[in-house]
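Each remark here refers to the structure printed beneath this line.
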């Protein structure tokens, strides 16, 4: 029973002093302490801090979207280059199997590229 009481010493201390000692190690206390620090700020500073956090989240979100867009553009460019290379090799007389092996592209994909070009 004594061990269970020790586990909650941080809670009793917090309730009496409205702070969390760095020596307390319960799970989630670091985040709780950061939240407490924010809550202790004067209203004007807290609003400024909240606005700052919203701005930083907006920047992170925008950067994430830019990264996703860039990856999609790169993927599309690679696919376009693969199509161009498949068609060049086919035009030079390489078989579907050879093209598939040389470019490490599934044979069905190679056939689809060649068929779609010959249908144009």
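So the values come out like this:
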read-out	value
Förster-model FRET efficiency, 41 Å R0, residue 38 and residue 76, C-beta, rounded to 0.05	0.40
Reciprocal mean inverse distance between Cα atoms of region 81-120 - Kirkwood radius, Å	9.7 Å
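Every number in this text was worked out from the coordinates using simple rules, so none of it is lab data. Here the structure is a predicted model, which means the values were calculated and not measured. So basically every Cβ, Gly included, is an ideal-geometry build from the backbone, and we count neighbours across all protein chains shown.
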